[in-house]
Amino acid sequence: MTTMARPSAARGRWIPWIFVGGFLIVIGVNGVLITAAVRTYTGTTTAGAYDRGRSYGDVLAEAARQKSLGWTARAARDAGGVTLSVRLPDGSALPADATVTGSLQRPLERASFPLDFNPAAPGAWRAEIAPPAPGAWEAVLTVSRGADRLELRERLVFP
């Protein structure tokens with residue numbers, strides 16, 4: 001009969017440490033990701049998200065109503081401000097009796113700055129503003145003429 005040599009106890013002693021090391025790596029990565037998530041959270045949430053979701057049909061109806069107007073609007077950044085141009089379905093300029101209101105907002109922050117638009121040319125309105133910080137801003141604009149209203153959100157990048 002042959003005898004088998006017993007493996008040394010030192011050979012298998014490191015196997016539990018592999019599991020411990022693996023768990024430590026997972027815990028470390030989770031700690032880094034949790035810290036990054038907490039430090040970059042802006043606190044911006046949607047108020048009444050459930051109710052807004054239930055009334056989404058109204059949002060679609062409003063979008064269809066605005067599309068039926070046939071107005072085309074374009075907001076652009078220029079030197080020292082924001083220019084908005086609005087055209088009617090036939091390509092002519094929207095008359096200057098329309099009112100334009102709006103604000104400049106950061107996409108991920110609560111910062112909001114009102115825009116004071118004045119007629120600049122037929123179908124064009126201009127608001128002077130020096131953005132407080134460079135980067136991406138969202139122009140949230142409303143053009144009203146009588147009972148007709150057009151809402152526009154346009155991303156602008158300031159240097």
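A short reminder: the numbers here are calculations on the coordinates, not readings from a lab. Just so it is clear, the model here is predicted, and its values are computed rather than measured. Counting neighbours? That spans all protein chains shown, and the Cβs are built from the backbone with ideal geometry, glycine included.
Mean sequence separation of contacting Cα pairs (under 8 Å, at least six apart), scaled by the length of the chain, corresponds to a relative contact order of 18 percent.
Output the relative contact order of the range 45-112, whole-number percent, from Cα pairs under 8 angstrom with separation of 6+ residues. Can you show the working numbers first?
Working: 36 pairs, mean separation 11.1, N = 68.
Over the range 45-112, the number comes to 16 percent.
Taking amide H as placed 1.01 Å from N in the peptide plane, the amide H of residue 120 sits under 5 Å from that of 125, 126, each at least 5 places away or on another chain. Here's how it looks for residue 129: its modeled amide H is under 5 Å from those of 81, 82, which are all 5 or more places away or on a different chain. Under 5 Å between amide hydrogens, built in the peptide plane, is the criterion, and for residue 111 it picks out 106 among residues at least 5 positions away or on other chains.
Add +1 for every Lys or Arg and -1 for every Asp or Glu among the other residues with Cβ under 13 Å from the Cβ of residue 77, and state the total. All intermediate terms of the calculation are to be shown ahead of the outcome.
Values: positive: 74, 126, 155; negative: 78, 128, 138, 154.
With Lys, Arg at +1 and Asp, Glu at -1, the neighbours total -1.
Computed about its Cα centre, the charge dipole of the chain is approximately 1040 debye, with only Lys, Arg, Asp and Glu carrying charge at their Cβ. Across the range 147-159, rounded Karplus estimates of 3J(HN,Hα) from the backbone phi angles (6.51 cos²θ - 1.76 cosθ + 1.60, θ = phi - 60°) give 8, 7, 9, 10, 10, 9, 10, 9, 7, 10, 10, 9, x Hz, Gly and Pro being marked x. Counting Cα-Cα pairs of the range 17-159 in 10 Å increments starting at 0 gives whole-percent bin shares of 10, 28, 26, 17, 9, 6, 3, 1.
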